[in-house]
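J.: Below is a structure I'd like to ask you about.
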Amino acid sequence: MDAIELLLQRQSTPVLTEPAPSSADLSTLLSAGMRVPDHGGLKPWHFHVITGDGLQRLSDLFVEASTKDLSSMTGSIGGISIDEHALNEKITKVAKMPFRAPMIIIISTKYVEHNKVPRQEQLVAAACCAQAMQMAAYSLGYGAMWRTGTLAYNETVKQGLDIAEQNDITGFLYVGTPTKVINNKPAKDYQDKVTFWK
Ligand SMILES: Cc1cc2nc3c(=O)[nH]c(=O)nc-3n(C[C@H](O)[C@H](O)[C@H](O)COP(=O)(O)O)c2cc1C
């Protein structure tokens with residue numbers, strides 16, 4: 001695929017199935033992730049590649065994290081009773097999340113103390129990794145969707161993934177094969193988003 005075509009046509013694929021990227025294609029994705037702009041060459045990121053039984057492990061971790069959070073909300077809060085059935089439904093929903101694709105790449109920061117490169121820039125670089133890997137997936141004929149949600153900011157999830165408290169999960173990049181041909185979304189007009197100084 002032509003690079004400009006890729007840039008102008010990239011879009012997310014929410015519904016994904018097998019096959020996941022082959023090991024050669026995964027290597028391409030990870031290499032694209034490493035190729036991002038990186039102030040100071042700090043490589044302030046880490047990737048977890050989750051497939052196979054790893055998806056079940058992630059599901060178990062999501063359930064553990066959500067159960068911890070939600071169980072503290074059962075009973076009554078300010079006189080309003082919390083429906084345990086609704087909480088169980090939430091747990092069931094969370095358990096299914098990792099199975100929305102055959103591969104999930106979790107991009108997290110690995111901040112480096114640096115006098116010229118603030119954390120904000122390191123977070124942006126890690127975000128570029130996610131974008132680059134989505135683009136690489138798309139160009140290889142796979143689909144991908146970048147997700148976060150509350151579990152990306154959950155300390156139990158971070159601990160389960162060995163992500164230190166001071167670091168951030170930048171995204172869960174769901175990767176797989178689209179289940180159908182998706183119509184290309186129309187382009188977005190940039191006029192209101194640009195100021196020209198001439
Ligand atoms: C940091 C970040 C987090 C996101 N988290 C979610 C999410 O949790 N759930 C979701 O439906 N979309 C999420 N999105 C948006 C989707 O990845 C996607 O961009 C959006 O659905 C628009 O579709 P498009 O990429 O085809 O334009 C997130 C995007 C970014 C950049």
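Every number here is computed from the coordinates shown, using simple stated rules; none is lab data. This structure is a prediction, so every number in the text was calculated from the model and none was measured. Quick reminder, even Gly has a Cβ in these numbers, built from the backbone with ideal geometry, and neighbours come from all protein chains shown.
J.: Give me, ordered by chain and number, the residues 5 or more places off Arg10 or on other chains with an amide H under 5 Å from its own placed amide H.
T.: none
J.: From the backbone phi of the range 135-143, what are the Karplus-calculated ³J(HN,Hα) couplings (6.51 cos²θ - 1.76 cosθ + 1.60, θ = phi - 60°) in whole Hz, Gly and Pro given as x?
T.: 4, 4, 4, 4, 5, 8, x, 8, x
J.: For the chain, what is the per residue volume of the convex hull drawn over the alpha-carbon atoms, in cubic angstrom?
T.: Given the Cα convex hull of the chain, per-residue volume reads 195 Å³.
J.: Related question: What are the ³J(HN,Hα) values, in whole Hz, obtained from phi via the Karplus relation 6.51 cos²θ - 1.76 cosθ + 1.60 with θ = phi - 60°, for each residue of the range 162-168 in sequence order, with x given for Gly and Pro?
T.: Computed from phi, the couplings for the range 162-168 are 6, 9, 4, 3, 6, 8, 10 Hz.
J.: Can I ask one more? With θ set to phi - 60°, apply the Karplus curve 6.51 cos²θ - 1.76 cosθ + 1.60 along the range 171-182 and write out the HN-Hα couplings as whole Hz, x wherever there is a Gly or Pro.
T.: x, 9, 9, 7, 10, x, 10, x, 7, 7, 6, 9
J.: What residues have an amide H closer than 5 Å to that of Thr170, excluding those fewer than 5 places away on the same chain, when H is modeled at 1.01 Å from N in the peptide plane?
T.: The list, which skips near neighbours in sequence, is Ile107, Ser108, Thr109.
J.: In addition: Please rank Tyr174, Tyr111, fewest neighbouring Cβ atoms within 10 Å first, as an exposure proxy.
T.: The most exposed by this proxy come first: Tyr111, Tyr174.
J.: Could you work out which residue, out of Ser59, Ser139, Ser71, moves most in a Gaussian network model of the chain, that is, has the largest mean-square fluctuation with Cα springs under 10 Å?
T.: Checking each option, the largest mean-square fluctuation is seen for Ser71.
J.: Hey, another quick one. On average, how much area does the Cα convex hull of the range 104-152 cover when viewed from any direction, in nm²?
T.: 4.1 nm²
J.: Can I ask one more? Given a cut-off of under 8 Å on Cα pairs at least six residues apart, what relative contact order in percent is computed for the chain?
T.: 35 percent
J.: So, one more: So how do Asp60, Asp192 line up by other beta-carbon neighbours within 10 Å, fewest first?
T.: The order, fewest Cβ neighbours first, is Asp192, Asp60.
J.: Would you compute, from DSSP H runs of 4+ residues alone, the mean residue ellipticity of the chain at 222 nm, taking -39500 (n - 2.57) per run and dividing by the full residue count, rounded to the nearest 500?
T.: Counting only the DSSP helices, I get -12500 deg cm²/dmol.
J.: Also: Give the order of Leu8, Leu29 when sorted by the count of other beta carbons within 10 angstrom, beginning with the fewest.
T.: If I rank by nearby Cβ atoms, fewest first, I get Leu8, Leu29.
J.: Rank Thr150, Thr17, Thr177 by mean-square fluctuation in a GNM of the chain with C-alpha springs under 10 angstrom and give only the top-ranked residue.
T.: Thr150
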